[in-house]
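What follows draws every value from the coordinates through simple rules; no lab data is involved. Keep in mind the model is a prediction, meaning the values are calculated, not measured. Cβ placement follows ideal geometry from the backbone for every residue including glycine, while neighbour counts extend to all protein chains displayed.
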Amino acid sequence: MLDFFLNFLGTTGKKFITFVSNIGHFFIFFANTIYWIIRPPWYFKRILQQIIDIGYFSLPVVGLTTFFSGMVLALQTYNGFNEINSETTVARIVLTSIIRELGPVLTGLMVAGRIGAKMAAEIATMKVTEQIDALETLGTRPMQYLIAPKIIAALICIPLLVLIGNTIGILGGYVIAIYKLNFNPSMYIYATMEYLQLIDIIQGTVKAAVFGIIISMVSCYFGFNATKGAEGVGFATTSSVVISSVMILTSTYVITALFFG
Amino acid sequence: MEKKLEKKIIIKVSEVSKSFNNNVVLKDINFQLLEGESLAIIGESGSGKSVLLKNIIGLLLPDKGSIQINDNEMVHLNKKLKEKILLDLGITFQHGALFDSLKVWENIIFKIANKEKINTKQGKQIALSIIEDLGLQPNILDLYPSEISGGMQKRVAIARAICGNPKILLFDEPTSGLDPVTGSLIDKLIKKAVSRIGGSAITITHDMASVCRIADKVILIDKQTISWSGTPKQMFDSENEKIQKFIKTINSDFFLND
């Protein structure tokens, strides 16, 4: 019995130490990345390539997700509130939900799945095939050449994707409100514009920027620290998507509480 | 009496030890690479050959000992100076380590393109001048590494290593995973590359035919230490059990062809 208890304590202690050490490593990685983002030279061509990859190629998936979310939201809100002044209520709920929460969170999750996984897999493959070692021996700093452009691009693209996603989401709500629920278009647009608040846009953009940092940092961290060949690449990819998603959902609450709590 | 000219020491490894989580991989390794010399490091898989190479080029830090390249102490040297010294080294990795996202010509000129601005036309011309010597066709320049064969990838990796004319070349298992014909071709290319730049080379391998073709001196790493060293000719007279085992692996075709 005592042996079991000691073993349990030993295993738990070891896991806790590993956990704390990993967090420490992550923050060292974070600080290092910031240092290499600020320091020249900047690889503008690589930043542009990443902007196209993260921003442009994520547009279809973000657009589709937010468009259908806006449509569902309008339909469900109407079903729940059809007794009372539904035109303004539907417009207001669609607008607020999309701008404050659904737009940033759905965009964040979609980008984590699409780009986060790609970043982690790409860097992890480079790590296990010694391409990162080769970079160092060729006089290039991997943090500056590989990681920094991805972080910069994510910081630029994800807020823009959220703004576009928000607009498409509101449009989705508008399409349902006008063509299915037969609302008056000018009344609906008027109600939407009336409830549009600058603070909501700022809050959504702040969230998007935070998600951009989370997705790119977490994915690059797991990719950069991958080991054990193909298994390591798989682990890095899965971990980056799961941890980014959990962090997105946790941080969205924290940011909402800071703005409106 | 004719006085023998002393050759310059290019790489000096003294008392180097390395372990990972209490697992000792290298223990008190000592050897020197002289100017113009081609040294082969042999040993079984997992004997620590690649770990030794990574210690030499600074990708790993030895637990103890000293590594000098051209009289510069590499262990604990600041990163900037280490990078400067590394620029005079040409290195190929076990699996080629070509950059997947770059075309063949971009891979080859990667190092020099970091130092100076080179446009596409100039870059391709530089790459072309190198690959012609290595028996590669110009039409591969615009392909990505995944679009060429394993043998070609190894040759492109050699081209990348010799681009910029470094004086020290380090090859990690350049013929592993290749058929004997391509392996023999790669060996010839390595010899050609070393003589082309007039430098010194270290080749890590467990291919004994390759050792006989390219090395002036051989060291065997076994049980974490250097258990034998000598010339390829001396290997055949050696009574060292491991050396004997390695010699038995040489294909009879090697003697017929060479």
| task | Compute the semi-axes of the equivalent ellipsoid of segment B:154-258, taking the square root of 5 times each eigenvalue of the Cα gyration tensor, and list them largest first in whole Å. | result | 24, 16, 12
| Positive-pole candidate from A:ILE147, A:ALA177, A:ILE199, dipole of chain A, charges at beta carbon | A:ILE147
| If you build a Gaussian network model of chain B, linking Cα atoms that sit under 10 Å apart, which residue out of B:THR231, B:THR175, B:THR120 swings the most? | B:THR120
| field | Student exercise, chain B dipole from Lys, Arg, Asp, Glu Cβ charges, in Debye to nearest 20 | value | 700 debye
| query | What's the lysine pair count for chain A at a Cα cut-off below 16 Å, pairs eight or more apart or interchain? | reply | 4
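Can you give the charge dipole size of segment A:25-148 about its Cα centre, rounded to the nearest 20 debye, using +1 on the beta carbon of Lys and Arg and -1 on the beta carbon of Asp and Glu?
300 debye
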| Around B:ASP133: net Lys/Arg minus Asp/Glu count, Cβ-Cβ under 13 Å | +4
| query | Is segment B:52-187 best put as rounded, prolate or oblate by its Cα gyration tensor, with a ≥ b ≥ c the root eigenvalues, rounded for a/c under 1.5, and otherwise prolate when a/b is larger than b/c, oblate when not? | reply | oblate
| query | According to a simple spin-label model (label point 7 Å from Cα along Cα-to-Cβ), what is the distance in nm between A:THR96 and B:ILE118? | reply | 6.1 nm
| task | Using only Cα atoms, find the angle between the long axis of helix A:117-128 and the longest principal axis of chain A, and express it within 0 to 90 degrees, rounded to the nearest 10. | result | 10 degrees
| Which of the peptides B:111-118, B:161-168, B:52-59 is most tightly packed, and how do the rest follow, going by the mean number of other Cβ atoms within 10 Å of each residue? | B:52-59, B:161-168, B:111-118
| query | If you count, for every residue in B:87-99, the Cβ atoms of partner chains within 10 Å of its Cβ, what is the mean? | reply | 4
| task | Would you mind putting B:96-108, A:185-197, A:212-224 in packing order, based on average other-beta-carbon counts within 10 Å, highest first? | result | A:212-224, B:96-108, A:185-197
| note | Which of B:GLU132, B:GLU241, B:GLU35 fluctuates most in a GNM of chain B (C-alpha springs under 10 Å)? That residue is B:GLU241
| query | Based on DSSP H runs of at least 4 residues, each adding -39500 (n - 2.57), what is the mean residue ellipticity at 222 nm of chain B after dividing by all its residues, to the nearest 500 deg cm²/dmol? | reply | -11000 deg cm²/dmol
| If the cut-off is a Cα-Cα distance under 13 Å, which aspartates and glutamates reach B:LYS18, setting aside same-chain residues fewer than 8 apart in sequence? | B:ASP28, B:ASP63
| query | Non-local amide H neighbours of B:ALA40 (under 5 Å, H modeled in plane, Pro and chain starts lacking H): which ones? | reply | B:THR203, B:ASP216, B:LYS217, B:VAL218, B:ILE219
| said: Can you tell me which of B:ASP28, B:ASP187, B:ASP237 moves the most in a GNM of chain B? Springs connect C-alpha atoms under 10 Å apart. | reply: B:ASP237
| message | Could you compute the net charge surrounding A:ALA74? Neighbours are other residues with a C-beta less than 14 Å from the C-beta of A:ALA74; K and R count +1, D and E count -1. | response | +1
| said: Between segment B:106-181 and segment A:107-185, what is the separation of their alpha carbon centroids in Å? | reply: 33 Å
| field | HN-Hα J in Hz across segment B:77-85 - Karplus 6.51, -1.76, 1.60, θ = phi - 60°, x for Gly and Pro | value | 6, 5, 4, 5, 5, 4, 4, 5, 5
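Kindly provide the helix-only [θ] at 222 nm of chain A, computed as the sum of -39,500 (n - 2.57) over DSSP H runs of four or more divided by all residues, to the nearest 500 deg cm²/dmol?
-28000 deg cm²/dmol
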| Net charge contributed by nearby residues that have their C-beta within less than 13 Å of A:ILE213 (K/R +1, D/E -1) | +2
| request: Output the pairs from B:LYS8/B:LYS167; B:LYS12/B:LYS64; B:LYS27/B:LYS54; B:LYS54/B:LYS84; B:LYS12/B:LYS217; B:LYS7/B:LYS27 with a Cα-Cα distance over 20 Å in this structure; if there are none, say none. | output: B:LYS7/B:LYS27
| message | Just checking the output field for A:123-135: average partner chain Cβ neighbours within 10 Å of each residue's Cβ? | response | 5
| Gyration tensor verdict on segment A:1-93 (Cα atoms; rounded if a/c is under 1.5, prolate if a/b is larger than b/c, oblate otherwise) | oblate
